[in-house]
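One structure below.
The values are calculated or read from the model by the stated rules, or taken from the named source; none is laboratory data. All of these numbers come straight from a predicted model, not from anything done at the bench. Glycine gets a Cβ as well: all are built from the backbone with ideal geometry, and neighbour counts include every protein chain shown. Accessible surface areas use protein heavy atoms only, side chains included; no ligands, DNA or RNA. Shrake-Rupley method; radii C 1.70, N 1.55, O 1.52, S 1.80 Å.
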Amino acid sequence: MSDSSVTPTEILARVADDIASLPADQWNLCAGPANPFVSHAFLSAMEESNSVGPGTGWKSLPIVIEDEGGNIAACLPSYLKSHSQGEYTFDQQWAHAFESAGGQYYPKIQVASPFSPVPGPRLLMRDESFAIPLLRAAEQLAENNGISSVHATFIKEDQLEYFRQAGWLIRTDSQFHWRNDDYENFDGFLSALSSRKRKAIRRERAKAVEQVDIIHLSGDEIQPHHWDYFWEFYQDTGLRKWGQPYLTQSAFDLLNQKMADKLLLIFAMQEGVPVAGALNVIGSETLYGRYWGCTRNIPFLHFEVCYYQAIDAAIARGLKTVEAGAQGSHKLARGYQPVPTWSAHYIVDPGFRSAIADYLERERQAISADIEFLADMGPFKKSNST
């Protein structure tokens, strides 16, 4: 069956046991090379490390469409969820409302990269003709099994239209991203800021590195003992922010085995010992800041290691953007600008769907106004400033 002859009535989808058991080359052909968080390496590492699986509330539920030769032509990185943790798109109020009305919100189906508030493709496919069939397969899976809803989070903008065509509800949120306007170096970036903001960032950077040295490690430079230090940092941050870290220690070992060339560890060193660190993931156009932690409280070190060093690394690699994760209005003063993010939601119950649609319309207006306000408050030069 050629791509040109494909129609929804001819396509059959199946649910695989997990992503790790699927052929990596076929999965990656659908996912593309740009976004590491939908790669077979990343997603299978989540499963094999037991970060996803029994006891976590994340059960792998990948939906797969195969061609006549049995090769993967399209797939969804989807999960059966028994809670709403590790998603960074908050729907707990929806769950409470539905259950207060006598419904059962969980389990639900989540189309996502686990624990990763990273915009990217959610419909992984060799040809766009598979987009609607993938969504219809997810809808049918929910309806046939009494599942309340399907949620696709952090969708890349160029895939939104598929979800709209399928009739899913679109939700808007925001993050802070840094954009590389062909800067030659960090000073080039600073030249785009107002004088007051330039001076503030220079003071922060100088203060942050008074007591430490900064190193960057990637690929073969990252050794097992580096992960031991980083695991300590990650646990400290996870316990304070989430109550329990999402990833197991073996997840970092597996990521290093499977995709070390896509990882960048930035460490702050004192007397040769790491005292703080940030893990970044390198995409084809974007540097993704993911986890941070420290064992010593040093003023401004968080900003230096997570934000300024990430900008340095992106400029050096010719990357277009730095995405520094979810939330955090403090990023605005450091040159990270507010941008919209999107999710899409299929709600089975028509009454509940109508209520959610009304809520999302009002929420979109508020988010849009917030982005406009924050953008105007940014550190970049205005037409009448220096």
Exercise. Out of all the residues in the stretch 141-151, which are closer than 16 Å to Pro77 by Cα and assigned to a helix (DSSP H, G or I)?
Worked result: Leu141, Ala142
Exercise. Regarding Glu232, is this residue part of a helix (DSSP H, G or I), touching a residue at least 40 places away in the same chain (Cβ under 8 Å) and of a type in the set (D, E, K, R)?
Worked result: yes
For this session: Please determine, by comparing only the residues of the stretch 54-77 that are over 14 Å from Leu22 (Cβ atoms) and under 19 Å from the mean Cα position of the chain (by Cα), which one is most open to solvent (accessible area, probe 1.4 Å).
Result: Lys59
Exercise. Out of the stretch 152-185, which residues are open to solvent by 20 Å² or more (accessible area, probe 1.4 Å) and assigned to a helix (DSSP H, G or I)?
Worked result: Glu157, Asp158, Glu161, Tyr162, Arg164, Gln165
For this session: Any chance you could count how many residues in the stretch 44-79 are within 16 Å of Ala138 (Cβ to Cβ) and either at pLDDT below 95 or of a type in the set (Lys, Arg) (or both)?
Result: 1
For this session: Enumerate the helices (runs of 4 or more DSSP H) found wholly within the stretch 1-100, keeping only those where 2 or more residues are aromatic (Phe, Trp, Tyr) and within 30 Å of Ile356 (Cβ to Cβ).
Result: 92-100
For this session: Could you list all residues from the stretch 324-348 that are open to solvent by less than 50 Å² (accessible area, probe 1.4 Å), over 22 Å from Ala200 (Cα atoms), modelled with pLDDT of 95 or more and not hydroxyl-bearing (Ser, Thr, Tyr)?
Result: Val339, Trp342, Ala344, His345, Ile347
For this session: For residues that are farther than 28 Å from Ser84 by Cα, in contact with a helix residue (DSSP H, G or I) (Cβ under 6 Å, 6 or more places away or on another chain) and surrounded by fewer than 21 Cβ atoms within 10 Å (Cβ to Cβ), tally how many sit in the stretch 266-283.
Result: 0
For this session: Looking only at the stretch 349-362, decide whether some residue is closer than 30 Å to Ala34 by Cβ and either open to solvent by 30 Å² or more (accessible area, probe 1.4 Å) or basic (Lys, Arg) (or both).
Result: no
Problem set entry | Number of positions in the stretch 186-218 that are open to solvent by less than 30 Å² (accessible area, probe 1.4 Å), assigned to a helix (DSSP H, G or I) and among the small types (Gly, Ala, Ser) | 2
Problem set entry | Contacts under 6 angstrom Cβ, first residue in the stretch 165-176 being within 12 Å of Val150 (Cβ to Cβ) and modelled with pLDDT of 95 or more, partner assigned to a strand (DSSP E or B) and open to solvent by 20 Å² or more (accessible area, probe 1.4 Å), 6 or more apart | Trp168/Tyr346
Exercise. For the stretch 81-103, what are the residues that are out of contact with any helix residue (DSSP H, G or I) (no Cβ under 8 Å at 6 or more places or on another chain) and in contact (Cβ under 8 Å) with a residue 24 or more places away in the chain?
Worked result: Lys81, Ser82, His83, Gln85, Gly86, Glu87, Tyr88, Thr89, Asp91
Problem set entry | Flag for Glu221 being modelled with pLDDT of 95 or more, among the acidic types (Asp, Glu), within 16 Å of Ile311 (Cα to Cα) and open to solvent by 40 Å² or more (accessible area, probe 1.4 Å) | no
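Yes or no, residue by residue, for (1) in contact with a strand residue (DSSP E or B) (Cβ under 7 Å, 6 or more places away or on another chain); (2) without any contact (Cβ under 8 Å) to a residue 60 or more places away in the chain; (3) not small (Gly, Ala, Ser):
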| position | (1), (2), (3) |
| --- | --- |
| Arg14 | yes, yes, yes |
| Ile19 | yes, yes, yes |
| Leu22 | yes, yes, yes |
| Asn35 | yes, no, yes |
| Ser49 | no, no, no |
| Glu66 | yes, yes, yes |
| Gly69 | no, yes, no |
| Cys75 | yes, yes, yes |
| Tyr79 | yes, yes, yes |
